[in-house]
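Report on one structure; see the data block that follows.
Since every read-out is calculated from the coordinates, none of them should be taken as a lab result. Treat the numbers as computed from the prediction; the structure is a model and nothing was measured. Methodologically, a virtual Cβ is constructed for each residue, glycine included, from the backbone with ideal geometry; neighbour enumeration extends over all protein chains shown.
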Amino acid sequence: MSAVNETLIRDVVAEVLGRIAGATPTVNTSAPASPAPAAAKNDSCGCSVKKATSAPALRGNYGVFATADEACSAAQEAFVQLQRGGMAARRKVEEIVKAMAEKNSEAWGRIEFEETKIGRLDHKIAKLGLIKLVPGVDWLRPDARSGDHGITLEEYTPFGVVGAITPSTHSIPTLSGNIVNIVAAGNAVVFNAHPSAAKCAAVAVRAYNEAIYRETGIENIACIIEKPTLDSFNALCKNEHVRLLLVTGGPMVVKAAMQTGKRAICAGPGNPPVFVDDTCCPTRAAKAIISGAAFDNNLLCIGEKQVFVLESVADKLMQRLAENAAVKLNAAQLASLTKAAFTIKEGQGGGCAQAHTNKDFIGKDPSFLAQAAGINLPAGTQLLFAETDAMHPFVQEEQMMPMIPIVRVKSVEEGIAMSLQSEHGYKHTAIIHSHDVENITAMARALDTTLFVKNGPSPAGLGLGGEGYLSFSIATPTGEGITNPRTFTRVRRCVMVDNLRIY
Ligand code: NAD
């Protein structure tokens, strides 16, 4: 019997005896022990091979750490524990995270809403109830080949520790879905959350770890840096244990991750256009646009941000929007809101003026925007809309507000061309309302987006009313698509030459 197997068996026997005796794994809730890297350094013989250590490092923090290096060392140790626990342990973690996200959706939705002050409380709660739709362990199936020369198996195996960056727009939902996907693939994870959504993220991480430790004895499988900064982002990316990055956020963080030299899966920004032609059902289109764009006050990266509509159907579409809890702003009201919601900087050296979104307006309620527009809204208003030209800041900026600009177009070609321009090459999401397959195909080809939704609201692209599965991290510039457990794996091939083919 190999030394590894003996150690493994000893650990399992000790664990089982401990459980029979009614003992729970011992948790040191006092100050953490010295970070593992320091110990590794002292023991180093000078070569690059890392010594395996059985000494517990950084226990008792339930995943919440002051520094990136502490978090990464703890996660590395948890990765080794997870490997020992096998598929059963991964499955248990998946079950725990999915069940806890749903059970705590009300409480966690509220603390996230109170901390970030963006979006809608009802939708913050709803998003946490959806984590059960994220794929898990069962997603991973090996690929096999069998032939005259034996059999070959390709397996989807873990990287180790994944460094993950989460956005302010859905902090706990993103990290919860990320834990399910990343751990289902056999990895541990360390989060650097958005500073304005970090406290709620730490609450969820601590709770997940407490439950996972209680049920599996694995500690720190998902870690978080308690007070995230740009320095902790850099330290996380540089840490030797971090083999892969997952970034969910806007253009700056995508650029920063790509410059680290590590492989980065980037779930980047979007500015999803909607094109409406004269073959669609205007009522269905209007309801879908409201449902997608009003969700969490339009914080979703996939949310409808601007509408291009054929002139012949434009009035009807706007009428249907108004009949379904959306309110139209007139030109003067739109001008007032635009002045408040954007800072327009004059172009330098003859360049075009550049609009910057005023952060105070992101994810705010329609009533807040209406105040700036100078109108009162009827109760229950979900969305504002206004007619604009194609270069208006509400069209060009990823504004994340419950206010949809409507642009009339003269032809299908013009609608598709304007949609393409407004998407800015993010290749994220586009939506069409049409029953003409040629128009649908032309737009799908031209836009070339990761998600393309026909005749439904944007969340249908994530399995919410459409077929498919959910993730809050949609890898766009790097091309992995809607992330799932396989996204976080290395493909490894195992070949048996000339044998084990059984017929
Ligand atoms: P953000 O870019 O401001 O922040 C995202 C994360 O990146 C945060 O953790 C932040 O602290 C960090 N960050 C920002 N700039 C950084 C830099 N230069 N170096 C290191 N870290 C940096 O985004 P946000 O406002 O929190 O979220 C909204 C953005 O995220 C939108 O652009 C939206 O489209 C995008 N998003 C994309 C997806 C997707 O799946 N593709 C999902 C959610 C959000």
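Structure summary
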item: Long-range amide H partners of V409 with built H, under 5 Å; result: V309, L310, E311
item: In order through the stretch 150-160: 3J(HN,Hα) via Karplus (6.51 cos²θ - 1.76 cosθ + 1.60), integer Hz, x for Gly, Pro; result: x, 10, 10, 10, 10, 10, 9, 10, x, 8, x
item: Prolate/oblate/rounded label for the stretch 145-293 (Cα gyration tensor, a/c 1.5); result: oblate
item: Under 5 Å, built H, 5+ apart or other chain: amide partners of L246; result: G163, A164, I165, I265
item: Distance from the stretch 278-339 to the stretch 170-223 (C-alpha centre basis), Å; result: 37
item: Separation between Cα centres of the stretch 476-495 and the stretch 341-420, rounded to whole Å; result: 36
item: Cα gyration tensor category, rounded, prolate or oblate, for the stretch 319-460 with a/c compared to 1.5; result: oblate
item: Residues listed by number, the stretch 460-495, amide nitrogen under 15 Å from T152 label point at 7 Å toward C-beta; result: 491-495
item: Under Karplus coefficients 6.51, -1.76 and 1.60, residue-wise ³J(HN,Hα) of the stretch 174-191 in Hz, glycine/proline x; result: 5, 5, 5, x, 5, 4, 4, 5, 6, 6, 4, 7, x, 9, 9, 9, 10, 9
item: Environment charge of C237, counting only residues whose C-beta is closer than 14 Å and scoring Lys/Arg +1, Asp/Glu -1; result: +2
item: Which of I482, A222, F342, positive extreme of dipole for the chain (C-beta unit charges); result: A222
item: Inter-label distance, nm, simple model (7 Å from Cα along the C-beta direction), K359/K103; result: 3.6
item: About the Cα centre, charge dipole magnitude for the stretch 432-503 (Lys/Arg +1, Asp/Glu -1 at Cβ), debye; result: 440
item: Residue order, fewest to most surrounding Cβ atoms within 10 angstrom, among C280, C72; result: C280, C72
item: Environment charge at V274 (Cβ cut-off 10 Å; Lys +1, Arg +1, Asp -1, Glu -1); result: 0
item: Cα-based reach from K410 at 20 Å (exclusive), listing aspartates and glutamates while leaving out same-chain residues under 8 positions away; result: D277, D278, E311, D315, E387, D389, E423, D436, E438
item: Charge context of E114, other residues only, Cβ under 11 angstrom, K/R +1, D/E -1; result: +2
item: Gain on full stretching of the segment that runs from R84 to L133 - 0.36 nm per residue minus C-alpha separation; result: 14.9 nm
item: Ranked list, fewest to most other Cβ atoms within 10 Å of each Cβ, for M400, M391; result: M391, M400
item: Protection proxy ranking, peptides 101-108, 255-262, 295-302, average beta carbon neighbours within 10 Å, highest first; result: 295-302, 101-108, 255-262
item: Cα-Cα over 23 Å, subset of K98/K262; K117/K227; K103/K359; K339/K359; result: K98/K262; K103/K359
item: Sum of -39500 (n - 2.57) over DSSP H runs of 4+, divided by residues of the chain (222 nm, nearest 500); result: -13000 deg cm²/dmol
item: For I224, distant residues with modelled amide H under 5 Å away; result: V64, F65, F191
item: Lys, Arg +1 and Asp, Glu -1 on Cβ, resulting dipole of the stretch 224-275 about Cα centre, debye, nearest 20; result: 160
item: Proxy reagent accessibility, fewest Cβ within 10 Å first, across C223, C494; result: C494, C223
item: Size of electric dipole in the stretch 182-227: Cβ of Lys, Arg +1 and of Asp, Glu -1, about Cα centre, debye, nearest 20; result: 160
